[in-house]
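The values are calculated or read from the model by the stated rules, or taken from the named source; none is laboratory data. Only a predicted model underlies this, so the values are computations on that prediction, with no experimental measurement involved. So basically every Cβ, Gly included, is an ideal-geometry build from the backbone, and we count neighbours across all protein chains shown. Side chains included, ligands, DNA and RNA excluded: accessible areas come from the protein's heavy atoms. Shrake-Rupley method; radii C 1.70, N 1.55, O 1.52, S 1.80 Å.
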Amino acid sequence: MGGSGRAAVIWDCLRAGIDPNLYYRNDSGIDSSDKAIVESWLEAMSADFDANDISLTKNDLLGKRKDQGLGADALSKLQKLMKQCRSSAACADDSVTESIHTIENSIGSISHIKVSADGTTKLLIRLARGYEVESVIIPWLDKGFSTVCVSSQVGCAQACRFCATGKMGKMADLTAEEILCQIYFANKVCRIVSSIAAAGDSATTLPPCDNVVLMGMGEPADNAVAVVRAVSTMADRRMFSLAQSKITVSTVAPNPSAFTTLGSSPAALAWSVHAVDDSLRKELVPTTKFSMEELKDGLVEALKSRSKKLRRTMLEVALIDSVNDSEKDAKLLISLAQSIMADVEGSKVVVNLIPFNDIGHPTYRTPSMEKVLEFQKIITDGGVLCYVRTTRGDEENAACGQLATSRSK
């Protein structure tokens, strides 16, 4: 529907996690699924709190256009678009008899919520066509925002040895709408949890979503058309209005052109490297068909074509004890990062270390924090920025590499 005129009030709703199909057809703006989310959240938190005491008023979230009506023509067009989403998804249940096509019966709905002790919240989203996909809300209370980790596929064909999603194989590509609905539901959960906190449960909070990483289930390059379209919608100032620098698309790079394809999206690029040595990378990412030199050249060409604001890139490494955490591995990462920065004017390369999260692998183990910090020091001493990603949500299998679903169509 674009982003201006009547469509502007629709995007006001979506940014707040409110379904406009219901809001503009119901005087109270009530969405019955809101209460279900309240109950799921309270159960997940084992909170002794009455869900009926929580106010779910939405008007104050819609800004200056909160009193603007949508109009019959715009509502009709919105319903037509929702119906098209349902039809294009080849829904598992074609017997829907509701008079209104909503996000939940046309695209997807939250079927389960898990909350870790640190507040990391895993959403299991059941798509209207029957598949289930996971996304994760990671709160940063000290910074006042949350990051949403979004999936681009159900399963993944890349078969990385250290990743639970890779063990599933590829089951389906997500449509752009199915990718975007994860942002919508994350916004919805954050809004509702704020209502819980406002009702007096101050220990419960999820700051607003301000960061998106496509690092969930799936390989974005294997579903590039939908990913680029979804990211463009996220960054459009009339739509989800996220800053380009706060959206990151991560790829294992199935081929050198993957960087150029994904680089057409208004987002930062991250490369899931895991090992610079070709033989070791082939062991960790068995679908690898190109050398690291060939893939690096592809990244360099992609970065050269980007604006200087988007020439910052991350090299990601799932660090596995006694597999890819040696001094040699660290020095190879330094050489790779420096080579990229030397070839691309104005570029900045950061190494992001992700201590391996257990997925039941028979031999892979998480390195000690002492070894992780030693590895980091080698890289920083070599003149390359290097960070260690804080493990979040691992007790609920919501951490990096642990996302997987067992149910499909």
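One line per residue, one yes/no per condition, for (1) modelled with pLDDT of 75 or more; (2) open to solvent by 60 Å² or more (accessible area, probe 1.4 Å):
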| site | (1), (2) |
| --- | --- |
| SER4 | no, yes |
| LEU14 | yes, no |
| GLY17 | yes, no |
| TYR24 | yes, no |
| ASP31 | no, no |
| VAL38 | yes, no |
| ALA47 | no, no |
| LYS66 | no, yes |
| SER76 | yes, yes |
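Scanning the stretch 298-334 for residues that are open to solvent by less than 70 Å² (accessible area, probe 1.4 Å) and not hydrophobic (A, V, I, L, M, F, W, C) turns up GLY298, ARG306, SER307, ARG311, THR313, GLU316, ASP321, ASN324, ASP325, SER326, ASP329. Take ASP325 and decide whether it is modelled with pLDDT of 95 or more, of a type outside the set (Gly, Ala, Ser) and in a loop (DSSP other than H, G, I, E, B). Yes; evaluated as a whole, the condition is true for this residue. Each residue in the stretch 97-148 was checked for being of a type in the set (D, E, K, R) and open to solvent by less than 40 Å² (accessible area, probe 1.4 Å), and 4 of them qualify. A single entry from ALA258, ALA268, ALA226 fulfils the requirement of being open to solvent by 10 Å² or more (accessible area, probe 1.4 Å), under 29 Å from LEU332 (Cβ atoms), in contact with a helix residue (DSSP H, G or I) (Cβ under 7 Å, 6 or more places away or on another chain) and not acidic (Asp, Glu): ALA268. Do you know which residues across the stretch 227-271 are more than 14 Å from the chain's Cα centre (by Cα), of a type in the set (Ser, Thr, Tyr) and within 15 Å of LYS309 (Cα to Cα)? Within the stretch 227-271, SER245, SER264, SER265 meet the criteria. If the condition is being touching a helix residue (DSSP H, G or I) at 6+ places or on another chain (Cβ under 6 Å) and open to solvent by less than 10 Å² (accessible area, probe 1.4 Å), then the stretch 341-352 contributes VAL344, VAL349, VAL351.
Only one entry of PRO286, PRO256, PRO220, PRO208 meets the criterion of being touching a Gly at 6+ places or on another chain (Cβ under 6 Å) and on the phi < 0 side of the Ramachandran plot, and that entry is PRO256.
Against the condition in contact with a helix residue (DSSP H, G or I) (Cβ under 7 Å, 6 or more places away or on another chain) and within 25 Å of ARG229 (Cβ to Cβ), how does ILE192 come out, does it pass? No. The single condition from (1) within 18 Å of VAL317 (Cβ to Cβ); (2) open to solvent by less than 30 Å² (accessible area, probe 1.4 Å) that ILE183 fails is (1).
For the residues GLN402, GLN376, GLN338, the requirement of being of a type in the set (S, T, N, Q) and at pLDDT below 95 singles out GLN402. Of the helices (runs of 4 or more DSSP H) entirely within the stretch 222-285, those holding at least 3 residues that are β-branched (Val, Ile, Thr) occupy 224-235.
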